[in-house]
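For reference, the structure discussed in these notes is given below.
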Amino acid sequence: MRRLILLALAVTVATLMGCAGNREAVLKATVQTRQDVFQVVQTSQVASEKALLNIEFPVKAFKARFVDLYIKHSNPPYTVIVNIDGQSIELTDEPVLEEVEGDFKNNPEAGTGWKYVFKKSLQLAPGAHRITIAVPQSDVVVEKELTLNTGENLLKLTPTYIASISRYSNYPRFSLGLRGVTVQLNSNVL
C-alpha cells in the first residue's frame, strides 16, 4: 500500500512539474518553414542596413558520474535550437569539464559538471521578430517577441536551474537540471 501511495505521489509531482509537457513545443521549434529570415555570419561581415544578432548562452549540465568519470550528453547531444520567424538553427558546442569551488547555496553552478557556451551571430532585417529557444535535452521552450535595431544586438540567455523539493528548495542547482531560460536583448529582460 505504501508503494502505491509513493507511486501516486510521484506521478502527481511529475504531472505538476510538466514532465514531457514541452515535447510538442520543442518539436515545433525544430520545424523550419522558411529559409530567408537570417544568415549565419561573422561579426565583420554584416551589411550596414541589417541587424546583427549575437546569441550567447553559457549553461552547465550534469549527465552522469561513475566513480571519478563524468559522462557528458552524447546521445542525444546537448544542443539549443533557435527558431526566428520560422527559420531554425541548431547551436552546438563541445563542453569543458568545469569544477567550481563553493556551495550551491551561493552559486547554482558550484560543483563539477559540463560547461557549454553556445554562441552564434546571425544577420537579419531590423524590426520585430518572434523567437523560440528550445533546449530539447531539458524539455525547455521559451518564446519571445523582440525588436532588433540596425547594427549590433546582443541576445543573452541565462539558465535558470531546478531547485530541489527538499529543505533546500530556495537554492537551484545545475545538477538537478535546467528549469528555464531568462532572455535579455541589449541588457533588457524580455
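Details
- Computed over segment 82-142, the ratio Rg/Rh where both radii use C-alpha atoms and Rh is Kirkwood: 1.09
- Calculated from backbone phi, Karplus (6.51, -1.76, 1.60) coupling profile of segment 127-134 in Hz, x at Gly/Pro: x, 7, 9, 9, 10, 10, 10, 10
- Computed from backbone phi with θ = phi - 60° and the Karplus coefficients 6.51, -1.76 and 1.60, the 3J(HN,Hα) list for segment 179-190 is 9, x, 9, 8, 10, 10, 10, 6, 6, 9, 6, 8 Hz; x is used for glycine and proline.
- Computed P(r) (all Cα pairs; segment 75-177; 5 Å bins; percent): 2, 10, 18, 20, 16, 14, 10, 7, 2, 0
- Semi-axes of the equivalent ellipsoid for segment 126-190, Cα gyration tensor, largest first, Å: 29, 12, 8
- Taking θ as phi - 60° and the Karplus parameters 6.51, -1.76 and 1.60, the scalar couplings of segment 98-103 work out to 10, 10, 10, 6, x, 10 Hz in sequence order, x denoting glycine and proline.
- Scanning residues 5 or more positions from TYR171 or on other chains, those with amide H under 5 Å from its amide H are SER164, with H placed 1.01 Å from N in the peptide plane.
None of the figures in this text is laboratory data; all of them are computed from the coordinates on show. No experiment lies behind these values; they were computed from the predicted model shown.
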